[in-house]
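Step one of this worksheet: look at the structure below.
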There are 2 protein chains.
Amino acid sequence: MFHGLSAFPLTPMNESGVNEKEFVNLIQRLVTAGVNSIGALGSTGNYAYLSRAERLRVLQLAVDSADGIPVMTSISALRTMDVLHLAEDAQRTGAGAVLLAPVSYQTLTNEEVYSLYEQVSSSLSIPLCIYDNPATTHFHFSDELHEQIAKLPSVRSIKIPGVPSDPEAAIVRVNRLRKLIPSTVTIGVSGDPFAVTGLNAGCEAWYSVLGGLFPKTCLKMAQLALDGSKDEANQLSARLEPIWALFRQYGSLRVVSAAAEINGFISGPSLPLPLQPLNGLVRDQLKSILIEITSIESSC
Amino acid sequence: MFHGLSAFPLTPMNESGVNEKEFVNLIQRLVTAGVNSIGALGSTGNYAYLSRAERLRVLQLAVDSADGIPVMTSISALRTMDVLHLAEDAQRTGAGAVLLAPVSYQTLTNEEVYSLYEQVSSSLSIPLCIYDNPATTHFHFSDELHEQIAKLPSVRSIKIPGVPSDPEAAIVRVNRLRKLIPSTVTIGVSGDPFAVTGLNAGCEAWYSVLGGLFPKTCLKMAQLALDGSKDEANQLSARLEPIWALFRQYGSLRVVSAAAEINGFISGPSLPLPLQPLNGLVRDQLKSILIEITSIESSC
């Protein structure tokens, strides 16, 4: 569940609602590729923009379409009460695990974040992955807080927001965290441009945005790195550098939603307002980048 | 509406819901003091932690209890669709104005924020105040974006997040923004520790957290500054420095909610989990600070 490639699909949506058919089609791409797990309703899946009822419905579609591949889902919300409701929904729906990010409006203290995880983890009958995503939550975990939370019941993985780009520094960073947490808790890298560096440095999982759209390419990259073929994994990641550059500049969500539209996987607009799609020259640039990625995907 | 003291009351709430009686009591304190306007369901009023139905109910209570004092309310939400629904609710309920902050999960671009304000302002029949609160929204307005948005129909005020502490620098900052925006748009300072410096520098309004609890003290301070009695206004603000220090360290919401509990205005706990109240030594410190503030409030 918390090893290998965990692919995070988009939830195609706009002002008219979620496009369920397109969502199921995206899930089926992941099933065909044989990803290790599916992260439905992550940040890429727009969980923050959906109601409890919509999240329940999308999760049900994911579980029903996943053909036995374990599905994890975000239960993050501003209020603890809502997180607990979402956890109930996830369990009832057959999710294999939940992701929890300390999303905030008022800045949260370490004590508040710890108490949130303590309360939620003690109520769960399925595993929990700590979702450390400072770009969206604006909460910064210390390794010491990760240590405390990782010792709670139910916690089985930490989704970290990238590693240093220098391979040696990445190893130091992963090892430091590893020494603090129980051996039952894996470390998964996110921030796709960092993925291979993270896997090469000892992360067991890649929580992947691009994997939600091009699962074969990302699965191959993850397997190369996890099998110890570091150079080959790096070479494949280097071929994707043009899209990593767009991720860094425009945010991965806007890039993958535009990519999915361009490749005809989903129709546009596919993001909830006020979020706007990539347009103009950047979209043209993405189009030419996608020719290469689509070709890699076909060859995997 | 967008001049003088705008007092932002707490919405007392916990895992059992909103305490409506206590909320109405807080509104009545503001009515008795004769504040210039009431900012129901601002950040201090926990709007971000309440459902649409709860926000509607609390706003209705505020309008019904305000005895003719204009009530403004936040219509902020992550989705434009929800903002538009909240705007309808506000208008239907008799709110005098709305506040709109560009709250975000995915980081917003300037274009996305402008389009949000454009769409909302064109749908409004009541005035709008731009709610610039980077500590909670994590969006940073440039003065040039303020200029663009301030020219939209419906926009009548900008709630800025403080001014430089140096009085001359504060004047430069307020004047720079003033030159860019229409004369129909006022500038209101927030961040209570900056309030008198902001008013002395030419802001027309103070959007005040402490004013939601100690309205007479804050009204006196605002009136002194707006009448040109800069030194006296500064002296009164200086007497409140101990509570401003707690605001800076713990966030104004946690401090005023604890202060309201200590003074018996509301019962505890009064914040939604995962937010926790001030406790221990800090609470004891606040208790002794409140003796002085309560005495000032009685003498106003």
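The values are calculated or read from the model by the stated rules, or taken from the named source; none is laboratory data. Computed from a predicted model, the values in this text were never measured in an experiment. So basically every Cβ, Gly included, is an ideal-geometry build from the backbone, and we count neighbours across all protein chains shown. What goes into the accessible areas is simple: the full protein's heavy atoms, side chains included, and nothing from ligands, DNA or RNA. Shrake-Rupley method; radii C 1.70, N 1.55, O 1.52, S 1.80 Å.
Considering every alpha-carbon pair of region B:1-99, the percent of pairs per 10 Å bin, from zero through the bin containing the longest distance, is 17, 54, 26, 2. Measuring heavy-atom accessible area with a 1.4 angstrom probe and counting protein chains only, the residues of region B:35-80 that give up at least 40 Å² relative to the chain alone are B:48, B:49, B:78, B:79, B:80. Residues of region A:29-47 with backbone nitrogen within less than 18 Å of a virtual label 7 Å along the Cα-to-Cβ line of residue A:21, please, listed as ranges. Answer for this model: A:29. Put simply, the C-alpha atoms of the protein assembly as shown give a gyration tensor, and the ellipsoid matching it has half-axes of 45, 26, 22 Å, longest first. Which whole-number percent of Cα pairs in region A:204-300 have a distance greater than 22 Å? Cα-Cα pairs in region A:204-300 separated by more than 22 Å: 28 percent.
Here the 3J(HN,Hα) profile of region B:111-123, calculated from phi with Karplus coefficients 6.51, -1.76 and 1.60 at θ = phi - 60°, is 5, 5, 5, 4, 5, 4, 5, 4, 5, 5, 5, 6, 9 Hz, Gly and Pro shown as x. The order of B:218, A:300 by accessible area, most exposed first and with a 1.4 Å probe, is A:300, B:218.
Here the Gaussian network model covers chain A, with springs between Cα atoms less than 10 Å apart; of A:264, A:162, A:212, A:264 fluctuates the most. Taken over the alpha carbons of chain A as equal point scatterers, the Debye sum produces base-10 log I(q)/I(0) values at 0.11, 0.12, 0.15 Å⁻¹ of -0.60, -0.73, -1.18. Summing both sides, the accessible surface hidden between A and B at a 1.4 Å probe radius is close to 3200 Å².
Between region A:141-171 and region B:253-300, the alpha-carbon centres lie 36 Å apart. Between residue A:115 and residue A:263, the simple spin-label model (points 7 angstrom out along Cα→Cβ) gives 4.5 nm. The Cα-based radius of gyration of region B:46-132, divided by its Kirkwood radius, gives an Rg/Rh of 0.96. With a Förster radius of 51 Å applied to the beta-carbon distance between residue B:107 and residue B:298, the computed FRET efficiency rounds to 0.65. Backbone geometry of region B:249-265 corresponds, through the Karplus equation with coefficients 6.51, -1.76 and 1.60 at θ = phi - 60°, to 3J(HN,Hα) couplings of 7, 10, x, 5, 4, 5, 6, 5, 5, 5, 5, 5, 5, 4, 7, x, 6 Hz, x marking Gly and Pro. Taking label points 7 Å from Cα along the Cα-to-Cβ direction, residue B:245 and residue A:183 give a separation of 5.1 nm. Dividing the summed -39500 (n - 2.57) terms of all DSSP H runs of n ≥ 4 by the residue count of the protein assembly as shown sets its mean residue ellipticity at 222 nm at -15500 deg cm²/dmol. Considering only chain A, the C-beta nearest to the rotation axis that sends A to B is found at A:138, 3, the distance in whole Å.
On average, how many beta carbons from a partner chain sit within 10 Å of the beta carbon of a residue in A:107-113?
Whole-number average of other-chain Cβ neighbours for A:107-113 is 4.
Take every DSSP beta bridge whose two residues both sit in region B:4-238; close to 5 percent of them are antiparallel. Per-residue 3J(HN,Hα) values for region A:56-70, derived from phi via the Karplus relation 6.51 cos²θ - 1.76 cosθ + 1.60 with θ = phi - 60°, read 4, 5, 5, 4, 4, 4, 5, 4, 5, 9, 7, 6, x, 5, x Hz in sequence order (x marks Gly and Pro). Each Lys or Arg adds one and each Asp or Glu takes one away; over the other residues whose Cβ falls under 12 Å from the Cβ of residue A:141, this sums to -3. For the pair residue A:147 and residue A:291 in one chain, pulling the backbone fully straight at 0.36 nm per residue adds 47.5 nm over the alpha carbon distance. Please work out the FRET efficiency for the pair residue B:31 and residue A:175, using the Cβ-Cβ distance as r and a Förster radius of 51 Å; give the result to the nearest 0.05. So, using R0 = 51 Å, E works out to roughly 0.25. The dipole here belongs to region B:110-240: it is taken about the Cα centre, uses +1 on the Cβ of Lys and Arg and -1 on the Cβ of Asp and Glu, and is about 360 debye.
Expressed as a whole percent, the accessible surface of the protein assembly as shown that belongs to carbon and sulfur atoms is 51, based on a 1.4 Å probe. By DSSP, what percent of the beta bridges with both residues in the protein assembly as shown are antiparallel, rounded to the nearest 5? Taking every DSSP beta bridge within the protein assembly as shown, about 5 percent pair in antiparallel fashion. Summing charges over all other residues whose Cβ lies under 13 Å from the Cβ of residue B:47, with Lys and Arg as +1 and Asp and Glu as -1, gives +1. Each copy carries a label point for residue B:85 at 7 Å from Cα along the beta-carbon vector; from one copy to the others these points are 1.2 nm apart, nearest first. Here residue A:140 and residue A:168 are evaluated by their C-beta separation; at R0 = 25 Å the FRET efficiency comes out at 0.60.
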